[in-house]
Each structure stands twice: as structure tokens, then as C-alpha cells.
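Presented below is the structure to which this report refers.
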Amino acid sequence: MRAVSSFAMLEKLGRVRLSRHFHMREFLYSEIANFHGIPNFPEDPEMAIAAGTRLCTDLLDPLVDTFGPITLRGSYRNAAVNGFGNAKGMNCAMNASAAAHHRWDARDGAGHAGAMACVSVPWFAAQYEAGRDWRDLAWWIHDHLPPCALWFFPKRAAFNIGWHAAGARTISSYIAPKGKLLAAGAVPGETAGERQARHADFPPFRGIAWPELPERWR
């Protein structure tokens, strides 16, 4: 797919299905882009689609299949939007740091692809606001999903979750205890049994029964 140069091409891009539950259109919205009138289209749609497909298939779909619908708070940003947000202090990293994270169509300095989204899980957010520890969800993700980068935020326990071709597991947080809970390649500070106790009351992994497709249309 060529770079977006018309409404028809943007419409086509938005309709690309990334996974069972997600389409590209959902990830193109940006409050920075919307308010300041900066188009938020990928320069390399094919790369963005490929990275976004892994993010959705490997990480976001299992969340939906376990907890029901999730809230998407932000995701893809092109260089113009991300650079503007960084320059204006809008919680955007520098463009080089955002490559292979929120910039889905840019490789990082090591040549790796990646994609990141900021999401909130309503099922867990309600418990977090009542006092539940954010680490319960962090360790559940660690124990159930493929390697990914996690950053947790104080509002509704929203978190950045990122697929990355290098496949490192990391957990960081702006919620107390702040900082790095799990560094890349490190051994978790809690045993498997301690982690299991934290999320023993979570719903079964991918336990939601969605309507089956009729046999003839599978």
C-alpha cells in the first residue's frame, strides 16, 4: 500500500483489519493531531500494518478475549505528530525513542520494528480505583502474554503495551512503587506462586465465548 495521498487511500487504510477485534482506523486517532490539525498518516503503511497486526494479534486480542472490550487511549503517531508533541511537552518521547513504539512505521536504532498502544482494561480499572494493586494486572500480563513492554500510568491503571521484534519483557510504572518492576532479561522479583496469588481471581485466559462462525463460512 502506498503512502496516503487522498481521502480514498486513507479510507482504505482505515478499513484494514489488523486482527479479529481491531482495524487500523482505531489506532490513527490522536488528540494532538485532532486539536492541532496535523494529519496522522503513516509514511510507510505496509510497515505500520505489519507491526500493528502483531500488536493486535499477539497482545490486544488476548486482552479482549479475556476481559471484554478494552479502552484505546492512544497509539500510532507519525513523525510530525510525535515530534510536535515532544516539542510542546505533551508526553511524547523524542522521535528516535518513539521509533518501533508509537511510531509503527519507523525502525529503532537497532533496525527492529515494533508497535505500541496505550490501553485501559475497564474490568480491572474499576478494581484499581477501589484500591487494587496495579501489579496484579502487570504480573498477569507477564504470565499470560508473549514478551512485551509495559508502562503503567496512574489514571485508571492505563498502560502502554508494545510488541517489539526483539521480544524483551519489561514492566515500568509511574504508579507507586514507581520505576522499573522488571528489566529486560531480569528474573521477576516475585515467584510464580506469588504472582499467581495476585491474579488467581482473574477470569479464565481467553475464556470469553464469542459467537461461532457457521461451519460453511469458516
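Values quoted throughout were computed directly from the atomic coordinates according to the rules given, and no laboratory measurement underlies them. Source: prediction; values computed, not measured. Here the Cβ positions follow ideal geometry from the backbone for every residue, glycine too, while neighbour counts run over all protein chains shown.
Which residues, taken from the stretch 118-137, are within 12 Å of PHE202 (Cα to Cα) and either under 16 Å from the mean Cα position of the chain (by Cα) or touching a residue at least 12 places away in the same chain (Cβ under 8 Å) (or both)?
Selection gives TRP123, PHE124, ASP136, LEU137.
Restricting to the stretch 200-217, name every residue that is in contact (Cβ under 8 Å) with a residue 12 or more places away in the chain and of a type in the set (Lys, Arg). I'd like the intermediate steps shown before the answer.
Restricting attention to the stretch 200-217, the residues satisfying the condition of being in contact (Cβ under 8 Å) with a residue 12 or more places away in the chain are 202-208, 210.
Within the stretch 200-217, ARG206 is the sole residue that qualifies.
Checking the conditions here, which among ALA184, ALA138, ALA166 is small (Gly, Ala, Ser), under 23 Å from ASN91 (Cβ atoms) and part of a loop (DSSP other than H, G, I, E, B)? I'd like the intermediate steps shown before the answer.
On the way: ALA138 fails: part of a loop (DSSP other than H, G, I, E, B); ALA166 fails: under 23 Å from ASN91 (Cβ atoms).
Exactly one residue qualifies, and that residue is ALA184.
Say whether the condition of being within 21 Å of LEU72 (Cβ to Cβ) and exposed (fewer than 11 other Cβ atoms within 10 Å of the Cβ) is met by at least one residue in the stretch 192-210.
Taking every residue of the stretch 192-210 in turn, at least one turns out to be within 21 Å of LEU72 (Cβ to Cβ) and exposed (fewer than 11 other Cβ atoms within 10 Å of the Cβ).
Please determine, by comparing only the residues of the stretch 137-179 that are touching a Phe, Trp or Tyr at 6+ places or on another chain (Cβ under 7 Å) and among the polar types (S, T, N, Q), which one is surrounded by the fewest Cβ atoms within 10 Å (Cβ to Cβ).
Applying the filter and picking the extreme gives SER172.
Yes/no matrix, rows are residues, columns are (1) surrounded by fewer than 17 Cβ atoms within 10 Å (Cβ to Cβ); (2) of a type in the set (S, T, N, Q); (3) at positive phi:
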{"residue": "ALA3", "(1), (2), (3)": "yes, no, no"}
{"residue": "GLY14", "(1), (2), (3)": "yes, no, no"}
{"residue": "HIS21", "(1), (2), (3)": "no, no, no"}
{"residue": "ASN34", "(1), (2), (3)": "yes, yes, no"}
{"residue": "PRO42", "(1), (2), (3)": "no, no, no"}
{"residue": "GLU46", "(1), (2), (3)": "yes, no, no"}
{"residue": "ILE49", "(1), (2), (3)": "no, no, no"}
{"residue": "LEU55", "(1), (2), (3)": "no, no, no"}
